[in-house]
Amino acid sequence: MRTLVLTAALALTTALPAAADTIRVGMSGGYFPFTFTRADELQGFEVDFLNAIAEETGDEVEFVTMSFSGLIGALESNRIDTIANQITITPEREAAFAFTQPYVYDGAQIVTREGNPAAIEGPDSLDGKTVAVNLGSNFEQLLRELPNADQIDIRTYESNIEQDTALGRVDAFVMDRVSSAQVIAQSPLPLELAGEPFSEIRNALPFRNDEAGQALRDRVDAAITTLKENGTLAEISQKWLDADVTQPVSQ
């Protein structure tokens, strides 16, 4: 009888669903249309994306907002579990973190004041120009790797690169093309795209590169595969970006 009771208890325990984990997701809350606050509500592509992942994995999501420049440190110090803020895969980051598969494919884009008074058409015409980038973003690194990097006055910002470009305080800013196009479409600021994207970027979710981080990465990565296959990720992209940027450009 004791054995039967124990067996039944074990069977019941096995049948019960695993307790949901809470995935702490860091984001700036100031990167339209991916993560931003409107009417005191955090929303955007990344918010919908992580909520969809949680529905697949059965976990809860806790969004933690902070300045973009502090997100990597927060991940390293275990204050958050991942970052959803269009984090671009770079060799340096790949060596430090366990990344999921890419979920956004994009390109680096130069944006100028409307009318392009500095006549900027691409990276080659940035000599002698002041160019703003968000502090901690990969766009600063992209600019510093250009052959003419020593001729460019690169300025890092916590925020407001769009406003300072529109006001003429800098000649241009560099951001991903998708966000740039959405800012121009949705904002009253007088801005325009300058030239074509000059570098392909792949954005993914980074996790700590330890046993627990890799396990969580694998669970989330499987959910991303499902969201791609069932069309949910493409729907989120169309909702916020009016385009499907979830597949490589070549596809």
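The values are calculated or read from the model by the stated rules, or taken from the named source; none is laboratory data. All values reported here derive from a predicted model rather than from experimental measurement. Using ideal geometry, Cβ is built from the backbone for each residue, glycine included, and neighbour counts are taken over all protein chains shown. Ligands, DNA and RNA are stripped out before the accessible areas are found, and what is left, the full protein with its side chains, is counted by its heavy atoms. Shrake-Rupley method; radii C 1.70, N 1.55, O 1.52, S 1.80 Å.
Run the numbers on the chain and let me know its relative contact order in percent, using alpha-carbon pairs under 8 Å that are six or more apart.
Once divided by the residue count of the chain, the mean separation gives 26 percent.
Taken over the alpha carbons of the stretch 79-159 as equal point scatterers, the Debye sum produces base-10 log I(q)/I(0) values at 0.16 Å⁻¹ of -0.73. To put it simply, the accessible area of the stretch 52-129 at a 1.4 Å probe is 43 percent carbon and sulfur.
Extension gain for the segment residue 153 to residue 78, taken as residue separation times 0.36 nm less the Cα-Cα distance, is 23.5 nm to one decimal. Volume per residue of the convex hull around the Cα atoms, evaluated for the chain, comes out as 146 Å³. The dipole here belongs to the chain: it is taken about the Cα centre, uses +1 on the Cβ of Lys and Arg and -1 on the Cβ of Asp and Glu, and is about 500 debye. Legend: calculated FRET efficiency, residue 22 to residue 94, from the Cβ-Cβ distance at R0 = 22 Å, rounded to 0.05, equals 0.25. Entry note, the stretch 106-200: relative contact order of 50 percent, from Cα contacts under 8 Å with a spacing of 6+ residues.
Taking a Cβ cut-off of under 11 Å around residue 193, the surrounding Lys, Arg, Asp and Glu residues balance to a net charge of -3, with basic ones at +1 and acidic ones at -1.
Per residue, the chain exposes 49 Å² of solvent-accessible protein surface, assessed with a 1.4 angstrom probe and all protein chains in place. Here the stretch 106-200 carries DSSP beta bridges of which approximately 60% are antiparallel, counting only pairs with both residues inside.
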